[in-house]
Structures are given as structure tokens and as C-alpha cells.
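The values are calculated or read from the model by the stated rules, or taken from the named source; none is laboratory data. Remember, predicted model here, so these are calculated numbers, not experimental data. As a convention, Cβ positions derive from the backbone with ideal geometry for all residues, glycine included, and neighbour counts pool all protein chains shown.
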Amino acid sequence: MSTRAALIASVTAAALLIGGTGAALAATGTLSRWIPGLAGQPADTAAGPLGYTDDGTAPRSFADGVELAWRVDSDAFVTPKTGPDTASSWLGGHFDRATIGLDSPFYPAATKNAVMFVARGVDSKLVLLDAADGTEIWSTEIRQGHANCAPAAERVERFYCVAAGDEGEPSVLWEVTASGEATSTEVAPGLSRVATSADRIVLASMFTARGEASAVALDLDGRELWSSDNLHTGGYYGITIAGERTLLRSGGSWTLLDGTGATVATGTGASVYEGGDGSCDALLTPGGHLVAASTPERCDTVTGSVVWGGGRDILDVHAVTIDGEDAIVRSNAESGTTVSTFAADGSLAELWSDPRGGAFVGATGGEGSALVVRGSDSSHSFSAATGELLAEWSQPEFGFEAGYRSDQLSVPTLDLVLDEHGTSVSNGALVDVTTGGTLGALAYPTDAHEAWLTYAGLLVTERGCPDCSTAGGNGSDRFLSLYRPIDSGGSGSAATAALPAGMPQCPDPTVLLAWAEYTNGWVLVCGYDATTPAFVQVRPADGSADIFSIGAKSPASKEALAACKWDPDTRRITATLTDGSRIVLDYDLGTLSVVDGSGKTTLAQERFVRYIFVPLGSQLRTLADTAGTSGAFDVSSPDDTAEDQVRYLIEVLERAYEGRALVKSALPKLQNCTASAGGYADSVTAMEQVRDNRAKLLAALDAMPVDLIPDGPALLDDLREAIAQSHTANQEYVAWAKAANASGCAQLSAAGKAAAVASDAPKERFAERWNANIAPKFGVRSVDPWFI
């Protein structure tokens, strides 16, 4: 065997737990199966699990760091259901991973340029997203809320999706390009699983009332190649295609078909997902070898093509390709790690073994290929060809039970080989598996559920209903995120970036979310990914002791996560600090504002000298970059002068006043009851617009730059109090209009009247300060209280 081992790898990580959260994160399966077409390509092809390049060169590595490209919410595409067991779930690719459970949610399918998934709700849709930014390209409604998709062969930007119709009705097969061009064809009833290879599509049905099922193979033009009926395999199908062979897997049996659809071998036993010696499961290698686990007598029929995995279930058996030849990796805590190749007669011949075992994490590719195994308290990497120990790095301790299975592994963070270059995620760090050295950091949302590699990047789903009372609800996923190598087109980096001198690194296990410097001080924000802050440290400009966000000593705690928020709409980070104050970091204006716990008094305000917000990119931004951009109400943002801050404030107030003009026509109609029931729809609309106008102005005040204006903080406090009371009054005005529309006449509530009166005093204080200190000094207009 050559020392040059080109692996087109299998990666089977176990069901993993994110530290301290109890949220399972699983990444299981074989890369050659995750990415149809990869298994059949030449061993020397430089096309790893991430993307591909037009010139044939290797895609970018994760070694320089990881960025979050986008995150979407399934509920944004459908009408969400309500109740304890109705959270959304995701579409999956073909079901052929060794450790996957029958009740697992469906998984998204991805090419380099697009991602396909199912959004479930009151209605259910098949949705195609642009892999670059997560925007919707195409969607269609589906019946029964279920569909299964697989991408076409490598470099073919197309998906095949199948969904069963109502009982007895034909299923539908969609062919959808990455640009959203779609065609649909009716196929036989019951077909609901799909897998693809370089030259064919295989569809299979779920179980029938008689426990029988069927399968059909089509060429890429939709012409039938073969069909097989009355298959004994019942249950939810998984399909693996290797060469001319097709393996159909279910909960308790499997069937191997040849290139004509004829049955080659079958196996029936206890559920293959229960594990132990009583099951009879199988996997199909990239070269077409069938590998079955447990004892032969548990299988119905066998042939010389069957090689037994040896006394246990298939969960710790993984198929790889070394020097273009099939090989098998078996790794568990009980028997160590063994790599075997196939002899001429189809039997397994051991290539090397090592007593260090555990969960097989994955394999790199190219010359010097390495296998990665997760042990009880450390990870190991071995030369794929020789078994030489390359590196070892520590992990948090966890317990192995006797007869350990890889799906029983529970550790704090995801273990996964990310690319063919030797980058792995291990204990929340990016690790070079050839040296064991740390390259950076990567963390996931606290409700992350599953993660796997695709040509588009690393896809991660998050739980949609963690408090649901049923398995169907708490097992479903609602959010989907895509991570890519840094600077590969995403919107922000989740890797730890360089920090200014004197600023500390983020505490484990968080990563950098933002940092900003201002005169004589700074602020650092860290989190679990680019959109989930959990730690804030503030160095005050007055030289006093640093202040931290609530829960900063335990950034994995619920308190820490609840204290910090990232708002993508306002592009702000907010945090509640241990001294009771609240800070707002505004990206567009480059402003840090600190208010007391009541939200009424401005304690401090600073403008950033330079800063980075990871969700919006890694480019360094200065205060000069903020001037002239669009601020609140589309007013041009101020530069760093008192004159321009005054200009900005008065223009924002003027734009806000223009938006409140509707109240003048709506109030007399409500006060005088001049319409009958149903005749106040225009009043309702007007009051809602005024309410929203006040809310928008109130939000703008949270980051309004006033640090250079005389009496700036006091002016801001007067405004904040006045607009808060006005907003409360406007909410009551909306209720008033709706009540009048329902009955023909109504009265403003006592709370509405009180709030309207309470807004008068701070409006008057603001007008007095402005007219005395601002208008004459800066040559701007005076204001009347009613203008505010």
C-alpha cells in the first residue's frame, strides 16, 4: 500500500451534547454519501466536502477560521402551528447514515450554490435558498408536510425531490435547478425517498400495510431503468447507491439490489438502531462492497459479496477509500481502532490497528491523509496508510460504558473534520489534526441539534421547540444556519480575530462577536456564534473598574444569554450589566450609550474610534465611515462635530413629526363618533402608523449621538421620557380606534389619557433647554412642545 492515501472519507461522529445546555448536536454519516457523486470520483480528485472550484483546484480550507454566512427561521416561510408538539422540522437528504435514528428530522440537501429544505407549519413548503445569503429562490407547497431531496451528481447544480401525495394518489418528483427552474412529474403512489448518483435516480416507498415496499431507478432524463416490487424491507427507507448496486435500509432489515433491480441479498433482525448483537444492519462501500454487522444467522440470505463487520452492530463501522480502494475503519472504546482493506475474495484483510479507540470522527484527504478518533479524554489522529500516531490533543472527560457504541457518546462540543486539509472542530476549537495545534475557535447556538458538511458549507440546525411536551415537537428543528471558511462570501466571522493591545481574549467557550475602542476605554462582546452574544466587558472612559454583563462568569448560563442580545434589524448589540445599567452598541452610528436600569437617565455616551461587528463582517470600521450613511428615518448620519449632531437630532424630529400628521384627521372622527360600526378602518390604520412612528423614534433615541452637544444627555433624557409616554398613549389610541370600529363609538382609556398628559412635562423641558442653549448657539430653529 502506498504511503499516499487519498481518502474520500467517512465521518461518523456521535450524538453530541453542547456543554451545559442539554441540546443534542449530532453529525453522523459518510462524506461520500452526504455528497452524491463523491464516492465514484477518482481518488486523486481535489474535491473535498466543501464546495468546488471551476479550475479544479482544492476549495478554501477552514484553517483560517469560520464565518456564519446566514441563519433562517422555518416559520418565516409558512404559517406556524401552535401547541406543544408542532414546531417546524427540516428536510433531509437521502437516509443512509449508519447511526441515524428512525425518528430523526428530515435534513436539508445542498449543492455549492443552493440549499433545499422543507418548512412545516399549517401549510408546508419545499423551499430553495441561495447558499450565498440564505434568501429564497423558489418554493412550492407540498402535501402531508413531507418531502425528501438529494442533490444531483457533483458539480451539477440541481436537486431531485420526491413527496408522497394523499393516500392512493401519485407521488410527485421535482427536478429543481439551483437557480429555481423547476419541473414536476407524477410517479407511483407511496414513493417518498430519493438518492442520486452520477447517472441515476433511485426512488423508494415507505412501508405498506403488508410490510412490502417498492423501488424504481430512473436515468437523469427520467426514463425507467428498472423497478422492483414486493420488497420485504419495511419502514423508513434509506438509499445508498454505489456503482450498479443499490442498498435499501429500514428500521429492521435491508435489501441489496443489482443493476437490474434484482435482489442480491437481504437481512432481517431486530431494529438496527437498537444496537447489540441481535441486529443485522449493513452498509455499502463506495466501491460496492456490502458490509454487514452482527452474526450471519440473523440475516435471511447472504452471498459471497457480503463481508461481516464482526460481532457487533454497524454503528462503529465506517467506509473510506484509500489509494482508490475500499477500506473499513472500525473504532470503539472496547477494541480500539482497526483499518482493513478488501482481499481478492472479498474478505477483510487488516491493514493496521491501534489500541486507542473511541468515536471515529472523520478523515482528511490527499497526501498524508489522517484519520481522527475521539477517545475518552483526548482525540487522536493517525496516518491513514500506516496507523502512525500523528497527534493527540486533550478533551473534557466523559465516560465510556462497556460495549460502547458511537451513538452513546456525549461530549460538550461537536467533533467533526471540516475539510480535506486537516482542519477539525474539537472541543470548540479549530484544530490542525496533523499537529494537534489550535487554529481558532468555533461555537454553536445553545439549541443546536445537528450539523453536517455539504458542498455549500457546514449546515447546523437548531431546536424549534425545546419545551415541547411530545417527542414530535421537541425533536423538530426550526432554525438553519450555514457556516463557511472565513472570507468565502458569508456575512461575518465566528473565528477569534486579532484584538487591539490590552484587550483580553474571549473566555472559553465563547468567540469574538464585536469590539470597539473609544477615547480612554473599550468594550468587548463575545458569544456562541456571530449572532448569539453572551459576554460583555466594558472598560469605562473614566478609568474606573471594568464592568461586565450579567452572567459573564458563566457565559454558557441562561442568565448570560438572556442579558445580551444582537438585533439584526437595528444592527445593535444590547446588554444588561452587573451594576444594573444597560448599554447599546450601534453599528451604523458607531455609538455606545449607557442608561440606568430604569431606562430614563443617560449615564454615559461614547463614539467609537474604531470597531468591528462580526455579524456584519471583519472589516475595521472608524467613526469617519459612519458619517453620511443612512441613520434613523433615513436622515444622513452625523459626523463627529457638535454642529452635525444638532443637525441630525433636529432632522430626525422633523421626519418623525411628518409621520404623525395622520393623527390630526383621525382624532376628530373618534372624538365625535362621526361614523358607524365598521367605518373607522382608516382611523385604525392611521393610529397604528402613528404608534409605529413613536416606536421607531424611541428606538432611535437609544443610540442618538449627543456627546458633543451642550446638555446633550439631559436633552436625550427629556426626549426619551416624552416619547415613551407618547408611545404608551398611541398604543391606547389604537385600541380606541379598534373599539370604535367595532361598536360605532368608544372612549379613550384612562391609561391613554394619563400617558398623554404625562408626556407634556418632558416635552416642555426639552423645548426650554433647546430654545435656551441650542437654537441660538448653533443657529437652528426653536421648537414648541407640540412639535415633539
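Just one of (1) within 25 Å of Val783 (Cα to Cα); (2) within 41 Å of the chain's Cα centre (by Cα); (3) not β-branched (Val, Ile, Thr) fails for Glu643. It is (2). Of all the residues in region 366-390, those that are buried (at least 20 other Cβ atoms within 10 Å of the Cβ) and of a type in the set (D, E, K, R) number 1.
In region 773-788, the residues that are without any contact (Cβ under 8 Å) to a residue 40 or more places away in the chain reach residues that are basic (Lys, Arg) with C-beta atoms within less than 7 angstrom, at least six apart or across chains, in these pairs: Ala775/Arg781; Pro785/Lys763.
Within the option set Ala516, Ala530, being within 29 Å of Trp70 (Cβ to Cβ), part of a loop (DSSP other than H, G, I, E, B) and touching a residue at least 60 places away in the same chain (Cβ under 8 Å) holds for one residue only, Ala530.
Every residue, every condition in (1) in a strand (DSSP E or B); (2) surrounded by 20 or more Cβ atoms within 10 Å (Cβ to Cβ), yes or no:
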position: Trp566; (1), (2): yes, yes
position: Ile573; (1), (2): yes, yes
position: Gly580; (1), (2): no, no
position: Ile583; (1), (2): yes, yes
position: Gly597; (1), (2): no, no
position: Ala604; (1), (2): yes, no
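Each residue in region 124-154 was checked for being at pLDDT below 80 and not hydrophobic (A, V, I, L, M, F, W, C), and 5 pass.
Give region 628-659 a look and list any residue that's assigned to a loop (DSSP other than H, G, I, E, B) and crowded, with 18+ Cβ neighbours inside 10 Å, or say none.
Let us first name the residues in region 628-659 that are assigned to a loop (DSSP other than H, G, I, E, B), namely 628-629, 631, 635, 637-641, 659.
Hits for region 628-659 are Gly631, Val635, Ser637, Pro638.
The set of residues from region 708-754 being touching a Cys at 6+ places or on another chain (Cβ under 8 Å) and not small (Gly, Ala, Ser) comprises just one member, Cys745.
Being hydroxyl-bearing (Ser, Thr, Tyr), part of a helix (DSSP H, G or I) and modelled with pLDDT under 95, is that true of even one residue in region 666-682? Within region 666-682 (the criterion being hydroxyl-bearing (Ser, Thr, Tyr), part of a helix (DSSP H, G or I) and modelled with pLDDT under 95), the answer is no, since none of the residues qualifies. If the condition is being in a strand (DSSP E or B) and modelled with pLDDT of 90 or more, then region 176-195 contributes Val176, Thr177, Ala182, Thr183, Ser184, Thr185, Glu186, Val187.
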